[in-house]
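Visitor: This is the structure I want to talk about, given as C-alpha cells.
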Amino acid sequence: MTEATAVSPVAEVLPGIWRATNEVVSGRYRLSNNAYLIADGDEAALVDTAWWHDDGAHLDELFAASGVEPVAVSTIVLTHAHRDHAGFARRLAAETGATVALHRAERATVESLAGYQGLPDEASAVRWYEGQGFPAGEARRIVRGKLPDREFDVPDPQWLTGSESIRVGGRVFEIIETPGHTPGHVCLFERTTGILFSGDALLPRGHGNPHVTVRAFTPPDPLSDYVAGIERLRAEGASIRVCLPGHGPVVDEPRALIDDHLAYAEAKLRPAAEALDATPRTAFDVVSRMRWRGGAARFADLEGDELFLAFADGFARLRRLVALGRAELRIEGGAELYLLI
C-alpha cells in the first residue's frame, strides 16, 4: 500500500484562523488532513500539523499566506499523537522554537508508535492476538499486514493535564478531554467565539470516522470513553457554534454533528450484538461473524490496515456491550469469551 499527497489551497477559514490541508491517497482511500494556525497580534499557535508523508509544503504555504512569521508561534498543540496530526511537529518546533503540547494520557499512544501496536516486538504482538482467539497464522497476518507507524519524534513535549488553557494574544482556548480515539485525545474550545477544534473526535460525514479501537495499550473500554467525551461536548449546548475538524471542511452546525456521532456510536453496537449468541466466543470469533465495508465484505477478506482497524473496532464494540449490560464476558482458561445476555 503506497501513499501520495497533494497540497490544497490555504485559506483563512475564520477571523485569525488559517487552515492548511494536504490530501493523502492511501490504497483505496483518500483523506484530507488539516493543520490550523491561530494568530492574534504578534502571537500565534498551531493546532495539529497534518500528514508527515511529504516535504511539508502545506505548512510553508500556511505561513506565506497568513503573513505570520514562524518565530511568532509559541505553542504547537496536538489533539493527539497520530502521524496524520503530528507528522511535522518536530520540524516546526525547530523552525519556530515553539513548545509541542499534548495531553499526558497520550504517552501511551506515543510509546505504542515505536513498537508493534503497543507491544515491544512482533512475537509479543502475535501472542496478544492469539490471546484474543486468533489462530497463529491469522495472528501473524494481522501483525505483519499493518502499515508500520512513524515514531513520535518530539524529544521533550509538554504534557498537559487538561486543566490548562492555551493563550494566543488575547484569545483563550480551553482544553476539553475527549478520549476514545486515543487515550489522550483533546479538543480546544474558545468559549467567547464558540469555536471548537475537534481533531478526530468529530468528523464531517464523508471525511473518515473517529476509529475507536481496543489495542494492547488502550484502556479496556475506549468506546465508552469516547461516548462520554462526546457527551461532554453535547453538554456545552449552543455555546459550540462552529467546529474545525482534523479532516474535512468547517462545520457550521456542530450540535447536529455531535448528535450524529452519538447515534453512530450506538448504531455500531447492533452488528456486534447480532454476531453474539448463547455460545461463549473469543473476540476473534465474534468479529469474524460480523460484516464489514457496509456489509459487503467478510472479516476474512480484509487485509492490511483495514484488517487491523476492523478487529480493533469490533473488539471495542464488544467491550462496550459488556459495560452496558447487553453482553456477558467470561474468563475461561485465561481466555476472554463473549456471549449474548
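The values are calculated or read from the model by the stated rules, or taken from the named source; none is laboratory data. Worth saying up front: this structure is predicted, and the values here are computed from it rather than measured. Please note: Cβ atoms are built from the backbone with ideal geometry, for glycine as well, and neighbour counts cover all protein chains shown. The accessibility values were calculated without ligands, DNA or RNA, using every heavy atom of the protein model including side chains. Shrake-Rupley method; radii C 1.70, N 1.55, O 1.52, S 1.80 Å.
Visitor: Looking at segment 200-284, which trypsin sites (Lys or Arg not before Pro) are DSSP coil and have at most 15 other C-beta atoms within 10 Å of their C-beta?
Guide: Answer in residue order: Arg205, Arg241.
Visitor: Once both axes come from the Cα atoms, what is the angle between helix 304-323 and the longest principal axis of the chain, in degrees from 0 to 90, rounded to 10?
Guide: On a 0 to 90 degree scale, this one is about 70.
Visitor: Please list, in chain and number order, the residues 5+ apart from Gly199 or on another chain whose amide H is under 5 Å from its amide H, with Hs placed from the backbone.
Guide: Gly246
Visitor: Rounded to the nearest Å, what's the spacing between the alpha carbon centres of segment 50-114 and segment 166-214? Just the number, please.
Guide: Each part's Cα centre sits 15 Å from the other's.
Visitor: What residues have an amide H closer than 5 Å to that of Arg191, excluding those fewer than 5 places away on the same chain, when H is modeled at 1.01 Å from N in the peptide plane?
Guide: Those lying under 5 Å, H to H, from Arg191 are Glu174.
Visitor: Separate question: Please identify the chymotrypsin sites (Phe, Trp or Tyr not before Pro) of segment 245-324 that satisfy two criteria: DSSP loop assignment and at most 14 other Cβ atoms within 10 Å. Which are they?
Guide: Nothing satisfies the criteria.
Visitor: With every protein chain left in place, what is the accessible area per residue of the chain in square angstrom, probe 1.4 Å?
Guide: 42 Å²
Visitor: Continuing with this model, one more query. Compute the helix-to-body angle for 122-131: its Cα long axis versus the longest principal axis of the chain, expressed 0 to 90° and rounded to tens.
Guide: For 122-131 against the chain, the angle is about 50 degrees.
Visitor: Return the sequence-ordered ³J(HN,Hα) values of segment 65-77 in whole Hz as given by the Karplus equation 6.51 cos²θ - 1.76 cosθ + 1.60 applied to θ = phi - 60°, using x for Gly and Pro.
Guide: With coefficients 6.51, -1.76 and 1.60, one gets 5, 7, x, 8, 6, x, 5, 6, 7, 9, 9, 10, 9 Hz.
Visitor: With both partners inside the chain, how many of the DSSP beta bridges are antiparallel, as a percent to the nearest 5?
Guide: Among the beta bridges of the chain, antiparallel pairing accounts for roughly 75 percent.
Visitor: With a 1.4 Å probe and all protein chains left in place, how much of the accessible area of segment 263-318 comes from carbon and sulfur atoms, in whole percent?
Guide: So the carbon and sulfur contribution to the accessible surface is 49 percent.
Visitor: Looking at the chain, which longest stretch skips every one of the GluC sites (Glu not before Pro) that is in a DSSP loop with at most 14 other Cβ atoms within 10 Å, leaving the sites themselves out?
Guide: Answer - 1-150.
Visitor: Select from segment 39-136 those trypsin sites (Lys or Arg not before Pro) which occupy a DSSP coil region and have at most 14 other Cβ atoms within 10 Å, ordered by residue number.
Guide: Qualifying residues, ordered by number: none.
Visitor: Another question, if that's okay. To the nearest 10 degrees, how steeply does helix 254-267 sit against the main Cα axis of the chain, on a 0 to 90 scale?
Guide: 10 degrees
Visitor: Roughly speaking, to the nearest percent, how much of segment 136-220's 1.4 Å accessible area is carbon and sulfur?
Guide: Heavy-atom surface of segment 136-220 belonging to carbon and sulfur, 1.4 Å probe: 48 percent.
Visitor: Rounded to a whole number, what is D in µm²/s for the chain from Stokes-Einstein with the Kirkwood radius over alpha-carbon pairs (37 °C, 0.692 mPa s)?
Guide: D = 159 µm²/s.
Visitor: Let me ask something additional. Quick one: putting +1 on the C-beta of Lys and Arg, -1 on the C-beta of Asp and Glu, what dipole do you get for the chain around its Cα centre, in Debye to the nearest 20?
Guide: Dipole size: approximately 1100 debye.
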